Amino acid sequence: MTAAALRRHLLLIVAIKLALLAAIWWCFVRPARTPIGADDAASHLLSSPGEPSK
């Protein structure tokens with residue numbers, strides 16, 4: 001196998017893997033968002049380091 005063919009083969013494999021990872025993320029991770037309200041964000045940002053977060 002020549003260097004150009006090997007490079008093309010490896011790039012194809014990496015592109016397929018990236019496409020599969022993007023599809024898995026799009027189907028399973030993207031829809032699982034946690035709603036965060038303004039009050040929750042403000043209490044988290046304004047809390048002191050000694051307090052446990054919610």
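What follows draws every value from the coordinates through simple rules; no lab data is involved. Source: prediction; values computed, not measured. Cβ atoms come from the backbone with ideal geometry, glycine included; neighbour counts cover every protein chain shown.
Data for the structure
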quantity	calculated
The chain - convex hull of alpha carbons, volume per residue in Å³	153
Size of charge dipole - the chain - debye, nearest 20, with Cβ of Lys, Arg +1 and Asp, Glu -1, no other charges	520
Cβ-based net charge around Ala15, under 15 Å, with every Lys or Arg adding one and every Asp or Glu removing one	+3
Positive-end extreme of charge dipole, the chain - chosen from Pro31, Leu12, Ser47 (charges on Cβ)	Leu12
Phi-based couplings in Hz for the stretch 16-32 (Karplus 6.51, -1.76, 1.60; Gly and Pro marked x)	5, 5, 5, 5, 5, 5, 5, 5, 5, 4, 4, 7, 10, 8, 4, x, 8
Estimated FRET transfer efficiency (Ala42, Ala22; beta-carbon r; R0 35 Å; 0.05)	0.55
